[in-house]
Amino acid sequence: MFPSNFLWGASLSAHQTEGAVNEDGKSPSVQDTRPRSNSQIADFTVASDHYHRYREDIKLLAQMGAKALRISLPWTRIIPDGVSEVNQKAVAHYRNVFQTMQEYQIQPLVTTYHFDLPQVLQDQGGWTNRATVDAYENYVRVLFQEFGDQVSHWLTINEPNIMLLADQKILGFHYTHQERYQAFYNLMIAEKKAFQACHQLVPGGQIGPVPNISYVYPGSCRPQDIRAAATFNAVRNWGYLDFSVRGLINPLLQAYLRKTGVDLQILPEDQELVTHNFPDFLGINYYTSVTVEYPQAGQDRQNGISDQQSEDVYEKDFYKGLTNPYLEKNDFNWTVDPLGLQTTLELINDRYHRPIYITENGLGAYDELTPDHKIHDQYRIDYLQSHLESIQEAMVNGVDVQGYLPWSAIDLVSVHEGMKKRYGLIYVDRTEEDLKTLNRYPKDSYYWYQGVIEHGEVNGNATTF
Ligand code: BG6
């Protein structure tokens, strides 16, 4: 049984759902401008039309039993020029969104920024430019002032680790190694400023980071492979959480930066900020696990990572991703590893001792709408059920998991695959090429989740409809 106050919910981001890209004063973000592959036709112009249909979506989620909804706010709508003028139309819109959630007794968990940096700031160097930290601080102060009476729980920056490591796929451009780690440092300073501002401006407000954390397995017990996994754990996972929670740059990450010639620009006043501002909880996104080995001579590849799946990870002399032979993959070639979630949660708990919300977890799949508007997504139920069982085991072992907000509440435009890869508990009637009706249809997983929320347990629920 999950505790009666467990925060059952679901997650979304603004740019992947809202559409309305040219309405109410919104300016372009890097997501609107990034080049897309030929097979990715769906863009964010209409997306799932959530900007216009948020009332219907919130109502459906309330009927499912959701007690929380994670959304993100788009910087480009709130402060279209990135730095100064606050757009009152946008403020009014999101006050209505939060008011609607309140009417349905749904608690908002709000991400301040989910991959969608204003293009105008990217044009000036984006996160490699320290001025973006100041712009972000100004932006979050506006959020806390405008919405602090409606929103108590805030999340800072969605998956800075994946955004930087998979830059080409998520942002549409490559950072140099030096730029990537200057951007890392600036993002982490920005996050600290958000912790500080939230605690100053939101009475009783709570705030946490929201990285994508998957424990990295070594490919074998060969000492070099153990070392490769330790390094990639530092680079992918602990570097971000250590900065947030412990106020330091992880020593293995520091060693890696030193050996790879990175020279970080650090301001003298940063030390005070970094060591005095901490999160109240951790938001953790988890989809898949990662396995690496030490790269042998002759195994050279291009340095980098193409997405959060591990196999393409490569850094000469440090680590190389490999296919884990013990795990199955989903339709989109991502490894499925529910036990990995339990291990990850227990390790996070051991390192950081903070309450945890699972802020993303879910299965991207090809769904089929039947003529009578049903979606029989037993594969998604199986995925969610196995991961919830794993969370439950972690909780029995002492991990303080406070809530589960799977990805995603409604179908949305996937970062890597557009509209053909669906995550939603609620189907959105559009395809990659055709906007169709945009009607909403609850999937079998919606009804399954409704049962889980109602009974507070994952075992023994009917899974056929
Ligand atoms: C997370 C992101 O990395 O992964 C989401 O926070 C994203 O925005 C999700 O949608 C799944 O990735 P993808 O590429 O399948 O959409």
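The numbers here are math on the coordinates, done by the rules we state, and not lab data. What you are looking at is a predicted structure, and each value in this text was computed from that prediction instead of being measured. Cβ placement follows ideal geometry from the backbone for every residue including glycine, while neighbour counts extend to all protein chains displayed.
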> Once you have the alpha carbon radius of gyration of region 96-252, what is it after dividing by 2.2 N^0.38 Å, with N set to its residue count?
Replying inline: 1.16
> Per the helix-only calculation at 222 nm, which mean residue ellipticity applies to the chain, given -39500 (n - 2.57) for every DSSP H run of n ≥ 4 and division by its residues, nearest 500 deg cm²/dmol?
Replying inline: -11000 deg cm²/dmol
> Which of the lysines could a cross-linker bridge to LYS329, judged by Cα under 17 Å and excluding same-chain residues fewer than eight apart?
Replying inline: LYS421
>> Using 0.36 nm times the number of residues separating GLN168 and ILE41, minus their current alpha carbon distance, what extension gain do you get?
In response: 44.0 nm
> Quick one: longest stretch of the chain between exposed loop trypsin sites (Lys or Arg not before Pro), exposed meaning at most 16 other C-beta atoms within 10 Å and loop per DSSP?
Replying inline: 131-300
> Considering only the chain, what is the antiparallel percent among its DSSP beta bridges, to the nearest 5?
Replying inline: 30 percent
> Quick one, what does Rg over Rh come out to for the chain if you take C-alpha atoms and the Kirkwood Rh?
Replying inline: 0.94
>> Straight-line reach only, C-alpha to C-alpha below 24 angstrom: list the lysines that LYS259 could link to, leaving out same-chain residues fewer than 8 apart.
In response: LYS316, LYS320
> Ranked from highest to lowest mean number of other Cβ atoms within 10 Å per residue, what is the order of the peptides 366-372, 133-139?
Replying inline: 133-139, 366-372
> Relative contact order (percent) for the chain, with alpha-carbon contacts under 8 angstrom and 6 or more residues of separation?
Replying inline: 17 percent
